[in-house]
Amino acid sequence: EKIKSTQVELCGVTFGDNVAKALPQELASLTHPVLKFDFYRKLAEKQLLQYELKRNEKKGKGHVICLLDDSGSMYNGDINLQAKGALFGLMECARLDKRNFAANIFASTGDEYKREYKEGKISPADAMDLLSVSFGGGTDYDGPMRWALEMSSKAEYKNADIVIITDGQCKLGDAVKKQVLKAKKDISLKVHAIMIDG
């Protein structure tokens, strides 16, 4: 369930007619017998100095590139079910917001199941297709992360977030790590990890 935030961020000073956002020095003029008329003039002309506030509502509305670790260690207990639940949640958010969604379910080198859904067009059959994939075996982060970087460079995935769902029992190779850090610097790429531990 999405939580609608009421938090606002102060981003500057502007002119307007909102008394609730008026600067203290503007409100202070109301106590002066002559300056109060200047306050009313500024209010009528929308020339009151007031705080400019902005909400951060549009954050988190980008496209999603999801990498799901489906190696053998993910089958200890119900880790795999939790991981696929997280994948399904991200997929559902993309569907509801009509965002592009790309997924790569991976395990050992070469074990990758890649799918792409444009503008939230994800059917129940598509969801079942992704959720029923099963590999087991070892873990290789490098191939899936290279694929995610390649996807993030496409125009239709501009400003996409990469989300990796894993138990963390692997490491990213140095060469790929450098590519990720370069993309974070060059295109403000965001990489998030959902760590699921049994």
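Can you give me the long-range amide H partners of GLY120? Hydrogens built in the peptide plane at 1.01 Å from N, cutoff under 5 Å, separation of 5 or more residues or another chain.
ARG99, ASN100, PHE101
Which order do you get for LYS42, LYS184 if you rank them by accessible area with a 1.4 Å probe, largest at the top?
On the way: LYS42 45, LYS184 95 Å².
Descending accessible area places them as LYS184, LYS42.
Within region 10-41, list the residues whose amide N lies under 13 Å from a label point set 7 Å along Cα→Cβ of LEU53.
10-12, 18-23
LEU68's amide H: which non-local residues (gap 5+, or another chain) put their own amide H closer than 5 Å, with H modeled 1.01 Å from N in plane and none for Pro or chain starts?
ASN104, ILE105, PHE106, ILE165
With a 10 Å radius around each residue's Cβ, average the other Cβ atoms per peptide and rank 154-160, 68-74, highest first. Don't skip to the answer; put the middle values down first.
Numbers: 154-160: 14.3, 68-74: 22.9.
So the peptides 154-160, 68-74, ranked by packing, come out 68-74, 154-160.
What are the ³J(HN,Hα) couplings of region 89-103, residue after residue, when phi is run through the Karplus curve with 6.51, -1.76, 1.60 and θ = phi - 60°? Round to Hz, x for glycine and proline.
Per-residue couplings from phi come out as x, 5, 4, 5, 4, 4, 5, 5, 8, 6, 9, 6, 9, 10, 10 Hz.
Can you give me the accessible area per residue for the chain, using a 1.4 Å probe, in Å²? Present the calculation step by step, with values, prior to reporting the outcome.
On the way: 12040 Å² over 198 residues.
Heavy-atom accessible area per residue stands at 61 Å².
For Kirkwood radius over Cα pairs in Å, pick the label among [x] 16.8; [y] 19.9; [z] 17.7 that corresponds to the value derived from the coordinates.
[y]
Could you work out the helix-only [θ] at 222 nm for the chain, with each DSSP H run of four or more residues adding -39,500 (n - 2.57) and the total divided by the number of residues, to the nearest 500 deg cm²/dmol? List each step's numbers first, then the result.
Numbers: 6 runs with 65 residues, N = 198.
After summing the helix terms and dividing by the residues of the chain, the value is -10000 deg cm²/dmol.
Placing unit charges on C-beta atoms (Lys and Arg positive, Asp and Glu negative, everything else neutral), compute the dipole magnitude of the chain about its Cα centre in debye, rounded to 20.
About 940 debye.
Can you give me the C-alpha center-to-center distance between region 89-112 and region 135-190, rounded to a whole angstrom?
Centre-to-centre distance over Cα atoms comes out at 13 Å.
For region 64-154, which whole percent of the accessible surface, found with a 1.4 angstrom probe, sits on carbon and sulfur atoms? The partial results should precede the final answer.
Values: 2110 of 3950 Å².
Of all accessible area on region 64-154, carbon and sulfur atoms account for 53 percent.
Based on the mean of other beta carbon atoms within 10 Å per residue, what is the order of 167-180, 88-101, most packed first? Before the final figure, lay out each step's value.
Values: 167-180: 14.1, 88-101: 17.3.
Descending packing order for the listed peptides: 88-101, 167-180.
List the relative contact order of the chain as a percent without decimals, with contacts defined as Cα pairs under 8 Å and 6+ residues apart. Mind dumping the intermediate values first?
Numbers: 329 pairs, mean separation 42.2, N = 198.
After rounding, I find 21 percent.
Return the aspartates and glutamates within reach of LYS21: Cα separation strictly under 15 angstrom, same-chain partners fewer than 8 residues apart disregarded; answer none if there are no such residues.
Correct list for LYS21: GLU9, GLU52.
I'd like to compare 136-148, 107-119: which one has the highest average count of other Cβ atoms within 10 Å, and what's the full order after that? Provide the component values of the computation, followed by the final result.
Details: 136-148: 18.8, 107-119: 15.7.
Highest-to-lowest ranking by the protection proxy: 136-148, 107-119.
For GLY173, enumerate residues with amide H under 5 Å from its amide H, sequence gap 5+ or separate chain, H modeled in the peptide plane.
ASP142
Please determine, in degrees from 0 to 90 and to the nearest 10, the orientation of helix 174-186 with respect to the longest principal axis defined by the Cα atoms of the chain, where the helix direction is its Cα long axis.
That helix lies at roughly 20 degrees to the long axis.
In sequence order, what are the phi-derived ³J(HN,Hα) couplings for region 160-167 according to the Karplus relation 6.51 cos²θ - 1.76 cosθ + 1.60 with θ = phi - 60°, rounded to whole Hz, with x for glycine and proline?
For region 160-167, the Karplus-derived couplings read 6, 9, 9, 10, 10, 10, 7, 8 Hz, x marking Gly and Pro.
If one takes the longest principal axis of the Cα atoms in the chain, at what angle in degrees, from 0 to 90 and to the nearest 10, does the Cα axis of helix 35-44 lie?
Rounded to the nearest ten degrees, it is 50.
For a 32 Å ceiling on Cα separation, which of these pairs sit above it: LYS54/LYS84; LYS114/LYS190; LYS46/LYS184; LYS114/LYS177; LYS121/LYS190; LYS46/LYS158? Let's see the in-between values first.
Details: LYS54/LYS84 36 Å; LYS114/LYS190 20 Å; LYS46/LYS184 42 Å; LYS114/LYS177 21 Å; LYS121/LYS190 24 Å; LYS46/LYS158 38 Å.
Those over the limit are LYS54/LYS84; LYS46/LYS184; LYS46/LYS158.
Just to be sure I understand the model, the point goes 7 Å from the Cα along the line to the Cβ. What's the resulting ASP38 to LYS184 distance in nm?
About 5.1 nm, to one decimal.
The values are calculated or read from the model by the stated rules, or taken from the named source; none is laboratory data. For clarity, every value in this text was computed on a predicted model and none was experimentally measured. In this analysis, Cβ positions are derived from the backbone assuming ideal geometry, glycine residues included, and neighbour counts consider all displayed protein chains. In case anyone asks, the SASA skips ligands and DNA or RNA and just uses the protein heavy atoms, side chains included. Shrake-Rupley method; radii C 1.70, N 1.55, O 1.52, S 1.80 Å.
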